[in-house]
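Everything on this sheet refers to the single structure shown next.
The values are calculated or read from the model by the stated rules, or taken from the named source; none is laboratory data. Bear in mind the structure is a predicted one, so any value in this text is a computation, not a measurement. Every residue, glycine as well, gets a Cβ built from its backbone with ideal geometry; the counts of neighbours run over all protein chains shown.
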Amino acid sequence: MIVENEELIKNLIDGKLTHEELYRIISGDKDPGRFKLMLKVLQERVGWDEKIILPVSDRLFIVCKDGKPVVKCSCGFEFGDYRENWKLKARIYVRDNEEAMKEIYKEYLGANPEWTELREYYCPRCYALLEVEAVPAGYPVIFDFLPDIKTFYQEWLGEELPCEDLEFKDLSWEYLSKIIGGRGD
Ligand SMILES: [Zn+2]
């Protein structure tokens, strides 16, 4: 097993590794110790105590909250059950016209808004931009990452999942039905 130091992991997270260092990590053997060290570094950087199980992106994490895996922003905002697409609970800004596209792209360099729209997903609390998707207008919200965390822990790390083992299933539609069905009640 490769023993890596914390400094290297911090630089990896901050995007400060040289090409050589990064290449060594990408092309080398995968190391469960590196993952645990990364969780430790990330945990030290957030201002809350819920244990990080798996990072989703720079700012989003699956954490164990009251025994259940939920998605949490680094600012502390909780998006709830990790099996429901967190984007459905974000603030969403859609660029679907020339004017809005021009704020990002120079003329003729952006997508044609009749065909494509840009959707920006922001945290409802800290307003950090969490994700952007470019999709045909009307395309369903993409669920980028629904990890099988139990399999990851058991088969890749050789450990038990440090949180309740819930059925591995996309619950986004159930969540949407609940909100839409709840309207007007
Ligand atoms: Zn936030």
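Within the bounds of region 160-174, is there any residue that is in contact with a Cys (Cβ under 7 Å, 6 or more places away or on another chain), within 16 Å of the ligand (Cβ to nearest atom) and at pLDDT 95 or above? Among the residues of region 160-174, not one is in contact with a Cys (Cβ under 7 Å, 6 or more places away or on another chain), within 16 Å of the ligand (Cβ to nearest atom) and at pLDDT 95 or above, which makes the answer no. Pairs meeting the criteria (first residue in region 1-21 and on the phi < 0 side of the Ramachandran plot and at pLDDT 85 or above, second residue surrounded by 15 or more Cβ atoms within 10 Å (Cβ to Cβ) and part of a loop (DSSP other than H, G, I, E, B), beta carbons under 8 Å, at least 6 apart or on different chains) are Leu8/Leu17; Asn11/Leu17. Just name the residue that is surrounded by the most Cβ atoms within 10 Å (Cβ to Cβ) out of those in region 19-61 that are assigned to a loop (DSSP other than H, G, I, E, B) and of a type in the set (Asp, Glu). Among residues in region 19-61 that are assigned to a loop (DSSP other than H, G, I, E, B) and of a type in the set (Asp, Glu), the one surrounded by the most Cβ atoms within 10 Å (Cβ to Cβ) is Glu50. Taking region 71-112 as the range and being among the acidic types (Asp, Glu), closer than 18 Å to Ile179 by Cβ and either crowded, with 19+ Cβ neighbours inside 10 Å or away from the ligand (no atom under 16 Å from the Cβ) (or both) as the test, the residues that pass are Asp81, Glu84.
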